[in-house]
Amino acid sequence: MVIIQISVAVIAAAFVALVVYLIQTLKNVSSLLTQTNDTIKELQTQIGGISAEATELLRHTNEVTVDVRNKLHSLDPLVYSVKHIGDAVSEITASFKQASATVAGTIRTQVENSRLLKSGKAAGLVQAVPIALGLWERFRNKDKPAVSRWN
């Protein structure tokens, strides 16, 4: 019977040791859960602040986007005007090229006429004068529509 009493005493001592160990473990787990709860509350507070800042940032970004879009739309007439100015300059350049060609042709004709005069070919001169006058008339008439177009 002594063995049973000793066995019961050892089992009781082991149970008490187990209970003491479990109590310490539960205290540590309780402390850990308290710290975790505090951390979660702090994270929720920080996330709320970050969310408010992100919302404010998005609002400012939208305002800037609208402002940039409005400024780009206000530049459209300017770009359109610059395009028309470029077209007008192109037309003027084409007119100058054509006028230059006409003047060069007239000069060439006059040079040929002077050669004819020098060589004594009056008949060639008589034929060249109407051609030169026609070129001159054509040159003069081409400049008039271009000027009236800009007025």
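Placing dummy labels 7 Å off each Cα toward the beta-carbon, the span from E112 to I4 is 14.9 nm. Remark: spin-label model distance T25-N37 equals 2.2 nm, labels positioned 7 Å along the Cα→Cβ axis.
A short reminder: the numbers here are calculations on the coordinates, not readings from a lab. Nothing here was measured: the structure is a model prediction, and the numbers come from that model. Counting neighbours? That spans all protein chains shown, and the Cβs are built from the backbone with ideal geometry, glycine included.
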